[in-house]
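In what follows, a structure is listed as C-alpha cells, so that the remarks can point back to it.
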Amino acid sequence: MSWHTDDADLREYAAGALAPPRLWSVETHLAACADCRTALGSHVPPAATDLGWARLDAALDAPRPGPVESLLIRLGVADHTARLLAATPLLRGSWLGAVVLTLALAVCVALAASPLMLLATAPLLPLAGVAVSFGPGLDPMYETAVVAPMHTFRLLMVRTVAVLATTTVLSALASLALPSLGLAALGWLLPALALTSTGVALTARLGPVLAPALVGGAWAALVALSRLLASGTPLPFTAEGQGGAAAVAVVATVLLVAARDRFDSGALPGPSLRSSRTLRSAARRLS
Ligand SMILES: [Zn+2]
C-alpha cells in the first residue's frame, strides 16, 4: 500500500457521514488494508463494536429454512405460515413415506384383487394426517403451537389444508395406476373431503384423538357393510354415495365454522389442546 486513508475520513466513515465518491475509495481501501481497519476501530465506540458482533452471532445462529419452508416462501406463503406448514408432521419425510407406502400397497392390492382397496384407503389418509398433525405426542411443535399467539382454529385450518392438498395429489397419482376404472378411480375424493371435514368438526366436541378414530372406524364399517350386503359397486362409490359424501362434507364444514370459537376458548375435551399441564411444561422448556 502506497497510501492510507487519512484520519478525518476514517472518523467520518465511522460516523456514517462520508459521502461518495470518497466513501467508495475508503471502503475499497479498508477491505484490503488491515492497518486502516485497525485505525478505524479507534473511531468506533467499543459498545457499538460489541453490538455488531452480537448481531453477526445472531444472524449466524438463526435457523435456516428447510427445503419445504424455502419452497413455500418462494411460492408467496407468509414466512410464519410457511414455518407452521413445514413443521406439520405429515409433511416430514417419515410420515410422507408412510403415506406413499400405504398408497403403493393399496395400488398393488387394487391391481391384483379389487380396486376397492385404493378407494377405501385413500379417504383415510388425510383424516389420519390431520390427527397426527394436531395430536399431542405426535406433533413436535405441539407445545409451541399451543402457547403461540395464534388462533388454534387458524393453525388447524392451515395444517388441514396442507395435509388435504398433499394426500389428494399423492392419491390422484396412485389412481393413475388404475386407468381401466376411468373417472371411477377418483371415487375416494369426495369421501376424503367428507371424512376430513367431519373428523375436524367433531374434534371440537370429542377431542383430536377420539374424533378421527370414530370417523375412520365408521368409514371402514360402512365400506365393509355395503360390500357384504350388496353385490356390485359398494354404496360409497355409487352416484348416490358420492352425492351423500358431498352433502356430508358441506354440512360438516358449516358445523366446523360454527364451532370455530370452541377451538380457541380452551373448551376442547379429551387430551386438551390447552391443558394447564401442557402449558406448564411448555413454560418450563421456554425458561
Ligand atoms: Zn491503509
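The conditions of being surrounded by 11 or more Cβ atoms within 10 Å (Cβ to Cβ) and of a type in the set (Phe, Trp, Tyr) are met by TRP95. Applying the selection to the range 61-73, what residues are closer than 16 Å to ALA162 by Cα and of a type outside the set (S, T, N, Q)? Across the range 61-73, the qualifying residues are PRO67, VAL68, GLU69, LEU71, LEU72, ILE73.
Report whether or not GLY182 is out of contact with any strand residue (DSSP E or B) (no Cβ under 9 Å at 6 or more places or on another chain) and at pLDDT 90 or above. It is false that GLY182 is out of contact with any strand residue (DSSP E or B) (no Cβ under 9 Å at 6 or more places or on another chain) and at pLDDT 90 or above.
Applying a threshold of 6 Å to beta carbon distances and a minimum spacing of six or more residues, or different chains, the list of pairs starting in the range 176-205 at a residue that is touching a residue at least 60 places away in the same chain (Cβ under 8 Å) and assigned by TED's automatic domain parsing to the domain that holds LEU155 and ending at one that is basic (Lys, Arg) and open to solvent by 10 Å² or more (accessible area, probe 1.4 Å) reads ALA204/ARG262.
Kindly check whether there is at least one residue in the range 49-60 that is farther than 30 Å from SER171 by Cα and either in contact with a Cys (Cβ under 6 Å, 6 or more places away or on another chain) or of a type in the set (Ser, Thr, Tyr) (or both). Scanning the range 49-60, I find at least one residue that is farther than 30 Å from SER171 by Cα and either in contact with a Cys (Cβ under 6 Å, 6 or more places away or on another chain) or of a type in the set (Ser, Thr, Tyr) (or both), so the answer is yes. Scanning for something at pLDDT below 85 and not acidic (Asp, Glu), does the range 166-176 turn up at least one residue? No, because not a single residue in the range 166-176 is at pLDDT below 85 and not acidic (Asp, Glu). Answer with yes or no whether ASP57 is away from the ligand (no atom under 16 Å from the Cβ) and of a type in the set (D, E, K, R). Yes; evaluated as a whole, the condition is true for this residue.
For ARG22, are the conditions met, namely being more than 30 Å from ARG92 (Cα to Cα) and basic (Lys, Arg)? So ARG22 fits the description; yes. Only one entry in LEU273, LEU256, LEU268 is modelled with pLDDT of 75 or more, crowded, with 17+ Cβ neighbours inside 10 Å and in the same structural domain as ALA194 (by TED's automatic domain parsing), namely LEU256.
Of all residues in the range 37-48, how many are open to solvent by less than 60 Å² (accessible area, probe 1.4 Å) and more than 15 Å from the ligand (Cβ to nearest atom)? Steps first, answer last, please.
So in the range 37-48, the residues open to solvent by less than 60 Å² (accessible area, probe 1.4 Å) come out as 39-41, 43-44, 48.
Within this subset, residues satisfying the condition of being more than 15 Å from the ligand (Cβ to nearest atom) are 44, 48.
Qualifying residue count, the range 37-48: 2.
Residues checked against (1) in contact with a Leu (Cβ under 8 Å, 6 or more places away or on another chain); (2) more than 10 Å from the ligand (Cβ to nearest atom):
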residue: TRP3; (1), (2): no, no
residue: ASP7; (1), (2): no, yes
residue: GLU12; (1), (2): yes, yes
residue: LEU18; (1), (2): no, yes
residue: PRO21; (1), (2): no, yes
residue: ASP35; (1), (2): no, no
residue: TRP53; (1), (2): no, yes
residue: LEU75; (1), (2): no, yes
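Just give me the residues in the range 36-81 being polar (S, T, N, Q), assigned to a helix (DSSP H, G or I) and within 29 Å of GLU12 (Cα to Cα), in sequence order. Scanning the range 36-81 gives THR38, THR49. Screening the candidates LEU101, LEU124, LEU111, LEU75 for the property of being crowded, with 16+ Cβ neighbours inside 10 Å, out of contact with any Ser or Thr (no Cβ under 6 Å at 6 or more places or on another chain), within 30 Å of SER171 (Cβ to Cβ) and assigned by TED's automatic domain parsing to the domain that holds ALA218 yields one hit, LEU124. Listed conditions (1) assigned to a helix (DSSP H, G or I); (2) open to solvent by 80 Å² or more (accessible area, probe 1.4 Å) are all met by LEU23, apart from (2).
Quick check on PRO65: is it within 43 Å of the chain's Cα centre (by Cα) and away from the ligand (no atom under 14 Å from the Cβ)? Steps first, answer last, please.
On the way: within 43 Å of the chain's Cα centre (by Cα): yes; away from the ligand (no atom under 14 Å from the Cβ): yes.
Criteria met by PRO65.
When we screen GLY182, GLY217, GLY241 for residues that are in a helix (DSSP H, G or I), in contact with a helix residue (DSSP H, G or I) (Cβ under 6 Å, 6 or more places away or on another chain) and of a type outside the set (A, V, I, L, M, F, W, C), the only hit is GLY241.
The values are calculated or read from the model by the stated rules, or taken from the named source; none is laboratory data. Worth saying up front: this structure is predicted, and the values here are computed from it rather than measured. Note that we place each Cβ from the backbone using ideal geometry, even for glycine, and neighbour counts take in every protein chain shown. These accessible areas exclude ligands, DNA and RNA; they are computed on the full protein's heavy atoms, side chains included. Shrake-Rupley method; radii C 1.70, N 1.55, O 1.52, S 1.80 Å.
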